[in-house]
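Colleague: A single structure is presented below for examination.
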Amino acid sequence: MASSVTATEPRTPFEERYLAEAKRICLEEIPDPSFEIFLFGSRARGHCDRSSDLDIGIAGPEPLPGGVSRLMNRLIDSDVPWRPQVVDFALVTDETFRQHAYAGREIWRAAS
């Protein structure tokens, strides 16, 4: 009998390379340590496929000054092959979405 649970696949060197590039861009664009930066969604949980987007969360004490457009543009203009989605969690009002995203997140920088 086949299991209905999908196993987490290990990341390939290709994935690791581009996730490291995305992380580097995020840390450059958001130097303020009071903002947590994290990967969430299928790429964080290891249940992604080639068409999965890149879900990046920003969580700080207030909305990110200037919004997420500059970061989005840097990611789009980079060599990172996945479509980025950047969410400022200071603006998220859907608690179910927040809990689901936080449950499987991979923290790239914890807030201090």
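Colleague: Hey, among the residues in region 36-55 that are of a type in the set (G, A, S) and surrounded by fewer than 18 Cβ atoms within 10 Å (Cβ to Cβ), which one's farthest from L75 (Cα to Cα)?
Modeller: Among those residues, the one meeting the criterion is G46.
Colleague: Name the residues in region 102-112 that are part of a loop (DSSP other than H, G, I, E, B), at pLDDT 95 or above and not aliphatic (A, V, I, L, M), would you?
Modeller: Within region 102-112, just R105 meets the criteria.
Colleague: Quick one: count up the residues across region 56-74 that are out of contact with any Leu (no Cβ under 7 Å at 6 or more places or on another chain) and either surrounded by 15 or more Cβ atoms within 10 Å (Cβ to Cβ) or in a loop (DSSP other than H, G, I, E, B) (or both).
Modeller: Residues in region 56-74 being out of contact with any Leu (no Cβ under 7 Å at 6 or more places or on another chain) and either surrounded by 15 or more Cβ atoms within 10 Å (Cβ to Cβ) or in a loop (DSSP other than H, G, I, E, B) (or both): 13 in total.
Colleague: Could you say whether any residue in region 30-53 is assigned to a loop (DSSP other than H, G, I, E, B), out of contact with any strand residue (DSSP E or B) (no Cβ under 7 Å at 6 or more places or on another chain), more than 16 Å from A110 (Cα to Cα) and hydroxyl-bearing (S, T, Y)?
Modeller: Scanning region 30-53 turns up at least one residue that is assigned to a loop (DSSP other than H, G, I, E, B), out of contact with any strand residue (DSSP E or B) (no Cβ under 7 Å at 6 or more places or on another chain), more than 16 Å from A110 (Cα to Cα) and hydroxyl-bearing (S, T, Y).
Colleague: If the Cβ limit is 8 Å and pairs must be 6+ apart or interchain, which residue in region 76-95 that is under 19 Å from C48 (Cβ atoms) pairs with which residue that is among the hydroxyl-bearing types (S, T, Y) and at pLDDT below 95?
Modeller: W82/S52
Colleague: Which of the residues spanning region 75-101 are part of a helix (DSSP H, G or I) and surrounded by 15 or more Cβ atoms within 10 Å (Cβ to Cβ)?
Modeller: L75, F89, R98, A101
Colleague: Among the residues that make up region 13-35, is at least one of them buried (at least 19 other Cβ atoms within 10 Å of the Cβ), at pLDDT 95 or above and more than 16 Å from V80 (Cα to Cα)?
Modeller: yes
The values are calculated or read from the model by the stated rules, or taken from the named source; none is laboratory data. Since we're looking at a predicted model, the values are computed, not measured. Note that we place each Cβ from the backbone using ideal geometry, even for glycine, and neighbour counts take in every protein chain shown.
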